[in-house]
Amino acid sequence: MPVMANEPIILNVYDMYWINEFTSSLGIGVFHSGIEVYGREFAYGGHPYPFSGIYEITPGDATELGETFKFKEAIVLGSTDFTEEDVERIMEEMGKEYKGNAYHLMHKNCNHFSSALSEILCGREIPRWVNRLAYFSSCVPFLQSCLPKEWLTPAALQSSVSQELHGGGGGELEEAEDAAATASLASMSPRSPTSSSSPSSFPRHSRHQPRR
């Protein structure tokens, strides 16, 4: 008789302190999160394309996210009977809903993904404080208008970077790309829309945006 899996489900939370410098005046902390299972951490981030925004990093390694992220804590949410192969199939299916161009800081962010994945794997949502900014935005409609538009969606970020490029000379390209990489909340590494969508090879996170 096969042995049932009993794999821990861990929520890894990261302090996005470059945003918190702004939102702390509103009394709200902003965090990035990912779900760790079978020694792999899955998270969701935005990019301008209509394919999966799910990516994978080394569990708890904030350096793979960028210099402005800092690991905060790991929270054990429960355990799952799903095998690693099951998890990969779940990631492939979730990628159809969590596409890169569907990302929105308030309405469909990394924490929404983490909570949805956790519910599937162990039947438990993530703690509400992790996604407090999105929660408060649903209660306080004007809160979203207090934040820079380029933080909210990949399309807004891309538009902002395009304006930077058109407004300056070619020498400002590198500076604008660096700004995009910093402003991106958790964007995935470069992958073309025609790449294989095999769930066993999720894109690794890159700290820099692809050069187009």
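Sorting 116-125, 46-55 by their mean Cβ neighbour count within 10 Å, with the most densely packed peptide first, gives 46-55, 116-125. Taking Cβ atoms as reference points and 12 Å as the exclusive limit, the residues near Val130 contribute a net charge of 0, counting Lys and Arg as +1 and Asp and Glu as -1. Placing a label point 7 Å from the Cα of Ala5 along the Cα-to-Cβ direction, the residues of region 103-133 whose backbone N falls under 11 Å from that point are 121.
Excluding Ala62 itself, calculate the net charge of residues whose Cβ lies under 10 Å from the Cβ of Ala62, where each Lys or Arg counts +1 and each Asp or Glu counts -1. Mind dumping the intermediate values first?
Numbers: positive: Lys70, Lys72; negative: Asp15, Asp61, Glu64, Glu67.
Residues near Ala62 contribute -2 overall.
Read-outs throughout are calculated quantities, based only on the coordinates presented, and are distinct from any laboratory measurement. Since the structure is predicted, the reported quantities are computational estimates derived from the model, not experimental observations. Methodologically, a virtual Cβ is constructed for each residue, glycine included, from the backbone with ideal geometry; neighbour enumeration extends over all protein chains shown.
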